[in-house]
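Input: a single structure, listed below in structure tokens.
Every read-out reported here was derived from the displayed coordinates using simple, explicitly stated rules and does not represent laboratory data. Just so we're clear, the structure is a prediction, and the values are computed from it rather than from any experiment. With ideal geometry, Cβ positions are generated from the backbone for all residues, glycine too; neighbour counts draw on all protein chains shown.
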Amino acid sequence: MKTFFQNGLITLITCLFIFSMLEVGFRFLPVNTGLGTQEVNARNPIFRAKPNLDYTYSKSWDFKLTTKGRVNTQGFINQQDYTTKSEVPLLAVIGDSYVEALMVLPEEKLQARLAAKVKGAGRIYSFAFSGAPLSQYLIWAQHTRDMYKPDAALFVIVGNDFDESLMKYKSGPGFHHLIKKNNDFVLKRVDYAPGLIRLLVRKSALLRYLVLHLHIQRLPGKIKSLFTPNSNDMQYVNNVEVTVSNERLSDSIDAIDYFLKNVNVYSGLPNHKIMFVVDGIRQQIYSPNDKLSKSYAALMFEYFINQAQIKGFNVVNLHDVFTKNYKGNQKKFESVYDSHWDGYGHKVASEEVQKSDFFIQLFPLIVQ
């Protein structure tokens, strides 16, 4: 028994030593730091990150797409702090990971390009985190209305914004989702508090590497998938399934209708002061395919754009914009390592916004 405990102690000390050496080594590497998401509850209902955080982003085992950026004092990813005391016009940019854009250099993001364009003649504030759907956009719109009173709002709309707005299909920690109540929808908050394991992962570079780079938490699912045949060669487009059930289609349309009906109430802005920048089916642009043109994302984009235009919102249809641009130079709008827009995708989207009447009328003093 004594020998057993001695051997166990030696093994434990050896493991701790190896862990400590690896921990020191990984602290010198560009390991993804995460954003330190704050608790979300009745006292703090707005999803935000840890304020005044200098973050590092990278992905994969070999640290692809390494970038550095900042979470501002208000808990949003932006190089600038926000103020409620300014006389210059304010445009609030709201979205998910396409606006958060951790994989893009801070100065190359849509909102940063717009901010550089207006300079001192206006303000561009962004409110966005990965995984947020239309339902969460309404909450951030309400937050900007109450806190900053923006003169206009711009929403970036992507493929998984629709069905994931409903609690029926997603329950994102810290986000608000729609639930049915008396033949209508209401927004319900999903409270969030980081558990002990998450807090430990945040503190350790080695553990962050294992979780955020190697995704060891997905290992059971990957092992299971090895024994599950997949008959669909093209299962996803724009981060959503190519084909979904009629029920999911109908529910997604309901979510769009609710959002368009209520976005001016939550934002405090009339429809003509709101712009939607809608992503394109980029795979279809690069390699035309009838299946993609009739995919779930394509159907939702078409419905959203048509309804938004009917209601008098400003719309940038990036499918048309990207198609024209790609025919001219054959340059893709995302990295080979990530499906989000890269710096060039943000540039093309930004230039389309800048030349719109919506943007020019909002910032009449901008340098042309």
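Each Lys and Arg Cβ is given +1 and each Asp and Glu Cβ -1; about its Cα centre, the stretch 255-322 then shows a dipole of about 120 debye.
For Arg43 and Phe4, a Förster radius of 41 Å and the Cβ-Cβ distance give a FRET efficiency of 0.20, rounded to the nearest 0.05. Annotation: aspartates and glutamates with alpha-carbon distance below 19 angstrom to Lys50 (same-chain offsets under eight excluded): Glu39, Asp81, Asp96, Glu100, Asp191. The chymotrypsin sites (Phe, Trp or Tyr not before Pro) of the stretch 213-311 meeting both criteria, a DSSP state outside H, G, I, E and B (loop) and at most 15 other C-beta atoms within 10 angstrom of the site's C-beta, are Phe227. Identify which of the listed values of mean projected area of the Cα convex hull in nm² was calculated from the structure shown: [x] 19.9; [y] 40.6; [z] 23.0. Of the listed options [x] 19.9; [y] 40.6; [z] 23.0, [z] comes from this structure.
Quick check for me: using +1 on Lys/Arg Cβ and -1 on Asp/Glu Cβ, what's the dipole size of the stretch 68-163 about its Cα centre, in debye to the nearest 20? Spell out each step's value before the answer.
On the way: 10 positive and 10 negative charges, 81 e Å.
The calculation lands at about 380 debye.
For the stretch 51-139, the set of trypsin sites (Lys or Arg not before Pro) satisfying both a DSSP loop assignment and a count of at most 11 other C-beta atoms within 10 Å is given as Lys85. Total lysine pairs in the stretch 148-207 at Cα distances under 22 Å, for residues eight or more apart or on different chains: 7. Rounded to the nearest whole Hz, the Karplus-based 3J(HN,Hα) values (6.51 cos²θ - 1.76 cosθ + 1.60, θ = phi - 60°) of the stretch 110-125 follow the sequence 3, 5, 5, 5, 5, 5, 5, 5, 7, 6, x, 8, x, 10, 10, 10, with x at glycine and proline. Here the contact order of the stretch 1-56, divided by its residue count and restricted to Cα pairs under 8 Å and six or more residues apart, works out to 28 percent.
Please work out the C-alpha center-to-center distance from the stretch 210-225 to the stretch 1-21 and express it in whole Å. When both Cα centres are located, 28 Å separates them.
All distinct Cα pairs of the stretch 84-206 go into the 1/r average, and the inverse of that average, the Kirkwood radius, is 16.2 Å. For the chain, the relative contact order comes to 17 percent (Cα pairs under 8 Å, sequence separation of at least 6).
Over all alpha-carbon pairs in the stretch 278-326, figure out the percentage whose distance exceeds 15 Å.
Details: 523 of 1176 pairs.
The proportion of pairs with Cα distances above 15 Å equals 44 percent.
Mean residue ellipticity at 222 nm, helices only, the chain: -12000 deg cm²/dmol; runs of at least 4 DSSP H residues each add -39,500 (n - 2.57), and the sum is divided by the number of residues. Candidates Leu22, Phe76, Phe333 compared by Cα position along the dipole of the chain: farthest toward the positive end lies Leu22, with charges placed on Cβ. Would you please give the residues with an amide H less than 5 Å from that of Arg123, counting only those at least 5 places away or on a separate chain, with H modeled from the backbone geometry? Residues meeting the amide H criterion: Leu90, Leu91. Helix 2-26 axis versus longest C-alpha principal axis of the chain: approximately 30°, rounded to the nearest ten.
Would you work out if the stretch 38-92 is rounded, prolate or oblate? Take a ≥ b ≥ c from the square roots of the eigenvalues of the alpha-carbon gyration tensor; rounded if a/c is under 1.5, else prolate when a/b is larger than b/c, oblate otherwise. It is oblate, given that a/c is not under 1.5 and a/b is not larger than b/c.
Along the stretch 198-215 the Karplus relation, 6.51 cos²θ - 1.76 cosθ + 1.60 evaluated at θ = phi - 60°, assigns HN-Hα couplings of 4, 5, 5, 4, 4, 7, 10, 5, 5, 5, 4, 5, 5, 8, 8, 9, 8, 6 Hz to successive residues, with x for each Gly and Pro.
Dipole size of the chain about its Cα centre, with +1 on Lys/Arg Cβ and -1 on Asp/Glu Cβ: approximately 860 debye, rounded to the nearest 20.
Please figure out what share of the DSSP beta bridges in the chain is antiparallel and state it in percent, rounded to the nearest 5.
Working: 17 of 37 bridges.
Antiparallel bridges make up about 45 percent of those DSSP assigns within the chain.
In the stretch 50-124, the C-alpha radius of gyration followed by the widest Cα-Cα span (Dmax) gives 13.3, 47 angstrom. Please list, by residue number, every one of the chymotrypsin sites (Phe, Trp or Tyr not before Pro) in the stretch 1-47 that is coil in DSSP and has at most 13 other beta-carbon atoms within 10 Å. Answer in residue order: Phe28.
Less than 5 angstrom separates the built amide H of Leu166 from those of Leu178, all sequence-distant by 5 or more or on a different chain. Shape summary: the stretch 266-368 maps onto an equivalent ellipsoid whose semi-axes, from the alpha-carbon gyration tensor, are 25, 19, 11 Å in decreasing order. The alpha carbon centroids of the stretch 232-302 and the stretch 143-209 are separated by 18 Å. Database remark: amide H of Tyr236 closer than 5 angstrom to the amide H of Val242 (H placed geometrically; neighbours at sequence offset of 5 or more, or on other chains; Pro and chain starts carry no H). Candidates Leu53, Val240, Phe4 compared by Cα position along the dipole of the chain: farthest toward the positive end lies Phe4, with charges placed on Cβ.
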